[in-house]
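Data first, discussion second: the structure below is written as structure tokens.
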């Protein structure tokens, strides 16, 4: 018979589970009066009887911790892309496991999830920083020069963590590891990108035309090739870093997008539309021919490896390549034709509404459409001042062809060599 009774001065819930074994549990917490403690014991008893009726009751000692449930959740995701699985594992290792890991999963409440969100907004919680320091010490035992990037969670990272918590909650509730999903419909933080309509941009994160030209002109190997590919052809950053020399046909002037590379993990493009062949303009072909002679050897015969031949990291390309060359650029004796979007998405037309941000590290890099980067005359034609003082319109305009009619249509400046 299930009852609430006193045992050693505390009210306890006394009941039998679905296997007819006797269980005695004490309500958690500190109670001001015995009446409040008795009420809590009654609520605990009703909860346990409900679990017994549905045959989902698990003894306290047999209940899984958050870390164990999270591991089972990730193992159940059999259709994940390698890059997505790596992102989930990073969220778990850096934030969720240090914060919730040792606790019994059922003990995590919605208030705990909201407190987690508030703690990350305020900075890096002590438990997370402590776990980070321990991991660094372990790494430095093997390699004294090892280091870990300091954690700096922003709204985007916090929302990713909340999304992972929600997914884990659905897994736990559907596998009878919890009675409900405490993170379901949790309110997420407003994005850094939220603004007044689609015209809102982060001005300080957008490369100006001068900075874009300096980024290409001032780039040094091994960063010059990926920057040039992105500037002329507009593939995504991961697509540039995943290119192999077998994908490039320098005779026909084409490159096949067949894979992506993030953090050393190679994956197929997300959609059929992403698997495509792009055309290479003549200046870029000349640069790739030069680069192939000095390109570091790599196991995958990568077009854009690091100096050691390993897959290039996106953070290195951004910080040491794009931003460094845009800031310091140089004045090489070469002219650069008007470029297409740098490390962004495919061109989708001109106008302010189509601007693309060049974001901070950790997010996809984008930039203005090429048409937004150059002044126009009264007829809307892009202008190009040459050394002879004459103004020339784009080739597609001069030849009377429609836009996109030829491979060099976007290169309305003079022919350039790197």
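Just so it is clear, none of the values below were taken in a lab; they were calculated from the coordinates. This structure is a prediction, so every number in the text was calculated from the model and none was measured. Backbone-built Cβ (ideal geometry, glycine too); neighbour counts: all protein chains shown.
The fewest-to-most ranking of 77, 188 by surrounding Cβ atoms within 10 Å reads 77, 188. Judged by the ratio a/c of the largest to the smallest principal axis of the C-alpha gyration tensor, the stretch 3-61 counts as prolate, that ratio being 1.5 or greater while a/b is larger than b/c.
Distance between the 7 Å Cα→Cβ label points at residue 136 and residue 148: 0.8 nm. Averaged over residues, the count of other Cβ atoms within 10 Å places the peptides 165-173, 120-128, 139-147 in the sequence 165-173, 120-128, 139-147, highest first. Shape analysis of the stretch 4-135 places it in the oblate category; the axes a ≥ b ≥ c from the Cα gyration tensor give an a/c of at least 1.5, with a/b not above b/c.
The ranking of 236, 263 by Cβ neighbour count inside 10 Å, starting from the fewest, reads 263, 236. Between residue 277 and residue 1, the FRET efficiency from the beta-carbon distance, with R0 = 56 Å, is close to 0.15. Measuring from centroid to centroid over Cα atoms, what is the spacing of the stretch 133-173 and the stretch 250-307 in Å? First find each Cα centre; the distance between them is then 31 Å.
Among 303-312, 25-34, how do they line up by average Cβ neighbours within 10 Å per residue, starting with the highest?
Highest to lowest by the protection proxy: 303-312, 25-34.
Remark: the Cα gyration tensor places the stretch 72-143 in the oblate category, a/c being 1.5 or greater and a/b not exceeding b/c. On full extension, the segment bounded by residue 32 and residue 103 gains 23.1 nm, given 0.36 nm per residue less the C-alpha separation.
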